[in-house]
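Below is one structure, written out as structure tokens; comments come after it.
The values are calculated or read from the model by the stated rules, or taken from the named source; none is laboratory data. Small disclaimer: the values here were computed from a predicted structure and weren't measured. Because the Cβ atoms are built from the backbone with ideal geometry, glycine has one as well, and the counts that use them run over all protein chains shown. Accessible surface is based on the protein model in full, side chains and every heavy atom, while ligands, DNA and RNA are left aside. Shrake-Rupley method; radii C 1.70, N 1.55, O 1.52, S 1.80 Å.
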Amino acid sequence: MYYFLHILAMVTMLIDHIGIVFFPEYQIFRYIGRIAFPLYAYFLVSGYHHTRNKRKYFIRLLITAVISEPLRDLMVFGFDNEAVVYLNSQNVCYTLCAGFIAMVLSDKIYISGVKHKKLCTFLVFLGFGILSNLAGFNYELIGIILIYFHYIAEKDDTFKHAMAPCVFIFMNFLVYPTTHAIMYLTVIFNAILLIFYKDEKIKVNKIFGKINQWFYPVHLAILLAIQLCFL
């Protein structure tokens with residue numbers, strides 16, 4: 001199931017980006033692509049709890065974000081745009097980085113023994129969600145809140161992982177009631193998967209691990225190269 005979910009996330013993200021680059025008039029590609037992020041949010045939290053070296057994990061994530069940003073900008077804004085840097089729109093890896101830092105700070109809250117741990121943790125994630133909005137990170141506040149619910153599920157056995165995608169759906173209807181909110185109904189599929197998926201630490205094939213790590217920037221570069229061939 002571990003490999004299936006990761007392959008599903010990569011394939012649906014690829015379909016989403018194929019739609020952006022080659023078929024922007026067909027929304028079905030975007031609908032399918034909505035499956036990817038809730039899975040990556042879940043992988044982030046799972047990886048955070050299972051990794052032996054959180055610092056290296058974060059550095060790898062940040063490097064991926066930095067390398068992917070110019071590629072993602074070209075994909076979204078095109079080759080003809082005169083702007084070099086888009087400060088109001090950043091790739092999804094920055095959202096994951098923000099969520100990672102929020103988890104580090106939240107862990108310190110739990111260790112410190114302060115009262116109202118859950119409230120303090122929520123405020124930490126809320127703060128990073130607001131910062132994500134201001135910085136233009138992909139999925140913004142909603143993405144950070146989704147990571148928060150997966151994180152809390154690790155702390156509280158009564159809180160099922162499958163609830164996080166459901167909250168994600170609700171928040172999208174709440175925040176984006178007229179902006180293709182129907183796209184986010186596809187994350188119901190994530191809820192079904194996560195209900196039956198037992199999170200556990202497994203020994204991941206090294207080659208698959210590298211593919212998973214570099215899939216985001218590499219597939220963007222390939223799509224852009226193909227697009228250049230047809231310009």
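Counting only protein chains, not ligands or nucleic acids, how are 37, 137, 23 ordered by accessible area (probe 1.4 Å), most first?
Greatest to least solvent exposure: 23, 137, 37.
Among 213-223, 139-149, how do they line up from the highest to the lowest mean number of other beta-carbon atoms within 10 Å?
Highest mean packing first, the order is 139-149, 213-223.
Go through 3, 94 and list them by solvent-accessible area, largest first, probe radius 1.4 Å.
3, 94
Calculate the FRET efficiency for residue 123 and residue 66 from the Cβ-Cβ distance with a Förster distance of 22 Å, rounded to the nearest 0.05.
Result of the calculation: an efficiency of 0.20.
For 229, 120, 166, write out the residues from largest to smallest accessible area, computed with a 1.4 angstrom probe and no ligands counted.
Most to least solvent-accessible, the answer reads 229, 166, 120.
Hey, what do the phi angles of region 116-133 turn into as Karplus ³J(HN,Hα) couplings, whole Hz, using 6.51/-1.76/1.60 and θ = phi - 60°, x for Gly and Pro?
Values, residue by residue: 6, 4, 5, 5, 5, 5, 4, 5, 4, 5, 4, x, 6, x, 5, 4, 5, 4 Hz.
Longer than 28 Å from Cα to Cα, which of 118/203; 56/203; 118/210; 54/210; 54/118 are they? Say none if no pair is.
From the list (118/203; 56/203; 118/210; 54/210; 54/118), the Cα-Cα distance tops 28 Å for 118/203; 118/210.
Using a 7 Å offset from the Cα along the Cα-to-Cβ direction at both residue 56 and residue 115, what is the distance between the two label points in nm, to one decimal?
4.2 nm
Could you tell me which of rounded, prolate or oblate describes region 1-76, using a ≥ b ≥ c as the square roots of the eigenvalues of the alpha-carbon gyration tensor, with rounded for a/c under 1.5 and, failing that, prolate when a/b is larger than b/c and oblate otherwise?
Oblate, since a/c reaches 1.5 and b/c is not below a/b.
Give the shape of region 102-150 as rounded, prolate or oblate, defined through the alpha-carbon gyration tensor: a ≥ b ≥ c are the square roots of its eigenvalues, a/c under 1.5 means rounded, and otherwise the shape is prolate if a/b is larger than b/c and oblate if not.
prolate
Grab the Cα-Cα distance for residue 20 and residue 134, subtract it from 0.36 nm times how many residues apart they are, and report the gain in nm with one decimal.
38.6 nm
Using modelled backbone amide H atoms (1.01 Å from N, in-plane), which distant-in-sequence or interchain residues come within less than 5 Å of residue 137's amide H?
Sorted by chain and number, the residues that satisfy this are 90.
What is the extension gain from residue 208 to residue 4, computed as 0.36 nm multiplied by their sequence separation minus the C-alpha to C-alpha distance, in nm to one decimal?
Full-extension gain reported as 72.3 nm.
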